[in-house]
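Here the structure is laid out as structure tokens; the discussion comes afterwards.
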Amino acid sequence: ALRKGSDLEKAFATAALVYNNYADPKGKLSKAETKSLLQSQFWRVIQGQENKPKYQEIISSLDEESENKIDFEDFMILLVSLTLMSDLLQEIKNVKTTK
């Protein structure tokens, strides 16, 4: 899927690959690992969002002491949530591509 797929398939496959590289053998991430992954791999999207209440809520939930781990589905929901509240969608709307 990474080489032959559509752009959307490649994007999804890349997200899954990155998640799997960080996940434990059971395919889950601790909240601390999730926060680290976001800060290292998703920082351009979350940059400048620090003052938004929803961002603070999401990040503070990752700081809570908890045994709960995040699975891939929860991780993807987290990525979508952070993307929706970021400025990325507006930037994308301003870019026109031709194909």
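The values are calculated or read from the model by the stated rules, or taken from the named source; none is laboratory data. Everything numeric here is computed off the predicted structure, so don't read it as measured data. Reconstructed Cβ throughout: ideal geometry from the backbone, glycine too, with neighbour counts over all protein chains shown. Calculation scope for accessible area: heavy atoms of the full protein, side chains included, ligands and nucleic acids excluded. Shrake-Rupley method; radii C 1.70, N 1.55, O 1.52, S 1.80 Å.
When residues in region 20-57 are screened for being within 14 Å of the chain's Cα centre (by Cα), under 21 Å from L88 (Cα atoms) and in a helix (DSSP H, G or I), 13 of them pass. Looking only at region 1-54, residues that are modelled with pLDDT of 85 or more, touching a helix residue (DSSP H, G or I) at 6+ places or on another chain (Cβ under 7 Å) and β-branched (V, I, T) come to 2 in all. Taking region 80-93 as the range and being open to solvent by 100 Å² or more (accessible area, probe 1.4 Å) and either in contact with a strand residue (DSSP E or B) (Cβ under 9 Å, 6 or more places away or on another chain) or modelled with pLDDT of 80 or more (or both) as the test, only L84 passes. In region 1-38, of all residues being without any contact (Cβ under 8 Å) to a residue 12 or more places away in the chain and hydrophobic (A, V, I, L, M, F, W, C), the one that is surrounded by the most Cβ atoms within 10 Å (Cβ to Cβ) corresponds to F12. Scoring I77 on the criteria (1) open to solvent by 40 Å² or more (accessible area, probe 1.4 Å); (2) touching a residue at least 60 places away in the same chain (Cβ under 8 Å) leaves a single failure, condition (2).
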